[in-house]
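Worksheet: one structure, shown below.
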Amino acid sequence: MSAVDITKDLEHATLVVTSVFPAPPERVWQLWADPRQLERWWGPEPYPATVVDHDLRSDGHVSYYMTGPEGDQHKGYWRVLEVEPPTRLVLVDGFADADGEPDDDLPTSRTEVTIEPLDDTRTRMTLTSIYDTTAELEQVLAMGMEEGIRTAVGQIDALLAED
Amino acid sequence: MGATLTDERADAVFGALADATRRDILLRAMGGDLGVSELAQPYPMSFAAVQKHVAVLERAGLVRKRAAGRRRVVTTDMDGLRDARAVLDHYEELWRGRVERMHQLLGEDALPSRPDEPDPEERA
């Protein structure tokens with residue numbers, strides 16, 4: 001099935017996501033650049049995203065909201081830092097308050113996306129997300145965007161056993 | 001929900017883990033039978049400096065000090081570590097879902113528009 005490789009670096013609060021798509025880079029880029037396509041994958045179930053503004057330029061602003069099962073709305077935004085279609089996108093992703101203004105009390109993450117051709121038919125997307133640990137990570141969890149968080153002792157042991 | 005990591009804790013935990021010496025202390029304290037002076041031995045720094053590192057880990061809820069007889073020993077708090085892990089686990093699941101949905105979207109491109117129609121080349 002779809003292979004997603006995810007590496008977690010607890011020390012640096014960093015997540016590295018790699019995946020190979022059977023499509024050219026331009027097609028993978030569209031997933032980010034076309035707001036209608038973006039809203040089909042951005043929001044986790046059952047929180048579909050609706051993109052409101054989508055200015056994918058350096059210093060541009062993307063705004064969206066996610067609608068929960070009770071009709072509850074969660075607003076978010078991207079501050080676009082770098083854009084080089086179809087290969088590179090750097091953005092800061094954060095939550096917004098009811099008025100759509102960045103909510104400084106909630107965590108942001110800096111996400112760097114690299115899209116590169118692997119061969120004639122395949123494209124590799126590498127995404128590095130660094131979480132702003134000075135912010136309130138717990139609140140994201142408290143918002144209930146994920147059902148049940150599993151923590152495995154074995155994973156921690158493996159992490160600690162690395163060195 | 002499952003994880004309980006307050007804002008200050010998240011900050012303290014990731015701050016504490018950002019230092020190589022503290023990560024090493026965390027590993028060595030897993031046995032739970034070393035005092036601060038024993039923990040300090042391998043490092044080319046003063047006892048006071050190591051004591052400071054231990055204090056940072058303690059504030060982050062990653063180690064605890066407890067009495068073992070007349071000694072005070074340092075023990076890694078596995079629950080504290082697990083909490084920190086849970087935050088990243090959450091993001092991992094979020095991104096796993098996103099990339100899977102990306103694949104689904106691209107998969108829709110690949111679907112033939114008229115699957116039942118025979119290939120005209122072949123028919124000729």
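The values are calculated or read from the model by the stated rules, or taken from the named source; none is laboratory data. Note that this is a predicted model, so its numbers are computed, not measured. FYI the Cβ positions are ideal-geometry reconstructions off the backbone, even for glycines, and counts take in every protein chain you see.
The table below gives the values:
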| item | result |
| --- | --- |
| Unique residue being modelled with pLDDT under 95, more than 25 Å from A:Thr7 (Cβ to Cβ) and not charged (D, E, K, R) when the list is A:Ala135, A:Ala98 | A:Ala98 |
| Enumeration of residues in segment A:1-53 that are assigned to a loop (DSSP other than H, G, I, E, B), free of Cβ contacts under 8 Å to residues at least 12 places away in the same chain and out of contact with any Lys or Arg (no Cβ under 7 Å at 6 or more places or on another chain) | A:Met1, A:Asp34, A:Glu45 |
| Tally of residues being crowded, with 16+ Cβ neighbours inside 10 Å and hydroxyl-bearing (Ser, Thr, Tyr) across segment A:51-86 | 4 |
| Filter pass, B:Leu94 being surrounded by 13 or more Cβ atoms within 10 Å (Cβ to Cβ) and in contact (Cβ under 8 Å) with a residue 12 or more places away in the chain | no |
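Quick grid of which residues meet (1) under 14 Å from the mean Cα position of the chain (by Cα); (2) at the interface with chain B (Cβ under 9 Å from one of its Cβ atoms); (3) modelled with pLDDT of 90 or more:
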| position | (1), (2), (3) |
| --- | --- |
| A:Leu10 | no, yes, no |
| A:Val16 | yes, no, yes |
| A:Glu26 | no, no, yes |
| A:Leu31 | yes, yes, yes |
| A:Asp34 | no, no, yes |
| A:Glu39 | yes, no, yes |
| A:Trp42 | yes, yes, yes |
| A:Thr50 | no, no, yes |
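The rows are residues; the columns are (1) free of Cβ contacts under 8 Å to residues at least 40 places away in the same chain; (2) among the small types (Gly, Ala, Ser); (3) in contact with a Pro (Cβ under 6 Å, 6 or more places away or on another chain).
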position: B:Glu38; (1), (2), (3): yes, no, no
position: B:Lys52; (1), (2), (3): yes, no, no
position: B:Leu57; (1), (2), (3): no, no, no
position: B:Ala60; (1), (2), (3): no, yes, no
position: B:Arg66; (1), (2), (3): yes, no, no
position: B:Arg70; (1), (2), (3): yes, no, no
position: B:Leu81; (1), (2), (3): no, no, no
position: B:Ala86; (1), (2), (3): no, yes, no
